[in-house]
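Shown next, in structure tokens, is the structure this report addresses.
Please treat every number below as a calculation from the coordinates, not as lab data. Just so it is clear, the structure is predicted and the values come from calculations on it, not from any experiment. Glycine gets a Cβ as well: all are built from the backbone with ideal geometry, and neighbour counts include every protein chain shown.
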Amino acid sequence: MTTSMPKQTILFDMDDTLIYCNKYFDIVIHQFLDTMTTWFNSSNMSAQEIKSVQSKFDIAGVQKNGFQSEHFPRSFIDTYDHLCNLTGRDSSDEEKEQLWKLGLSVYDMEIEPYPGMVETLELLRDQGHELYLYTGGEPVIQQRKIDQMKLSAYFGDRIFIRQHKTAQALAEIVKEQGFTPANTWMIGNSVRTDVQPGLLAGLHVIYLKRPNEWLYNVIDIEIEPQGALYTLEKLADVPRVIEEWLLTSKLS
């Protein structure tokens, strides 16, 4: 990027934007389904049917309480209670404890970055852009990920962790920080918590589309962009797209 290109403010989501997240939940859900199909093998319920029940409880918990760590194991317990009531199977405190520990185990898994994370952040930083991290979840859990991935090297103290990652939360950050929407980008994998809020705030948005996306994140984009709106599949493409937009805007 040449010196005549304006410095941009770039907000990155973290989970499934910079680092893997959903795949760890999928691993634990598969373990949960194996357990449930064994316990309820006489009910003739398929793993997919049980997963559908768990997903509804999971999404309902996030909508009510935000990104609390307990919402995930709670969805296991709620599914278990639902199936016990449905089939007449006696519930067990020991089995509930087993499910609770299984659900919480997802937060202890070793995390890894998406391909190109380091190169992308280094390039954008070296080009003079100001990088911010905007992530949803509990501070202790999210900070542990930040520390493991050494993300403070790129974001410094410009890090926002919100339990409720909503359009209002992003709008408040934009206002409090005095961001200029025409020079600000929101980059993330969730249409619900990254793309739509970014568009509502009048920001440029890059939607990093991921395979096997969490159902909670999958909604239609219904807001007309005031600036750029790109859909990408590779994190490493982000700097190129931003630079192309800046060049096009300068020439127009």
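Just for region 76-124: of the residues that are of a type in the set (A, V, I, L, M) and in contact with a Pro (Cβ under 8 Å, 6 or more places away or on another chain), which one is nearest to ILE10 (Cα to Cα)?
LEU124
Across region 114-129, what is the total count of residues that are closer than 15 Å to GLU243 by Cβ and loosely packed, with under 13 Cβ neighbours inside 10 Å?
The number of residues fulfilling the criteria is 3.
Restricting region 56-81 to residues that are small (Gly, Ala, Ser) and more than 16 Å from LEU104 (Cα to Cα), which is surrounded by the fewest Cβ atoms within 10 Å (Cβ to Cβ)?
Just the residues of region 56-81 that are small (Gly, Ala, Ser), to begin with: 60-61, 66, 69, 75.
Okay, now just the ones that are also more than 16 Å from LEU104 (Cα to Cα), so 60, 66.
On the way: ALA60: 15, GLY66: 17.
Within region 56-81, the match that is surrounded by the fewest Cβ atoms within 10 Å (Cβ to Cβ) is ALA60.
For a quick check of your reading: which helices (runs of 4 or more DSSP H) sit entirely within region 1-114 and have at least 1 residues that are free of Cβ contacts under 8 Å to residues at least 60 places away in the same chain, under 23 Å from THR135 (Cβ atoms) and in contact with a Leu (Cβ under 6 Å, 6 or more places away or on another chain)?
Once the helices (runs of 4 or more DSSP H) in region 1-114 are filtered for at least 1 residues that are free of Cβ contacts under 8 Å to residues at least 60 places away in the same chain, under 23 Å from THR135 (Cβ atoms) and in contact with a Leu (Cβ under 6 Å, 6 or more places away or on another chain), what remains is 71-87.
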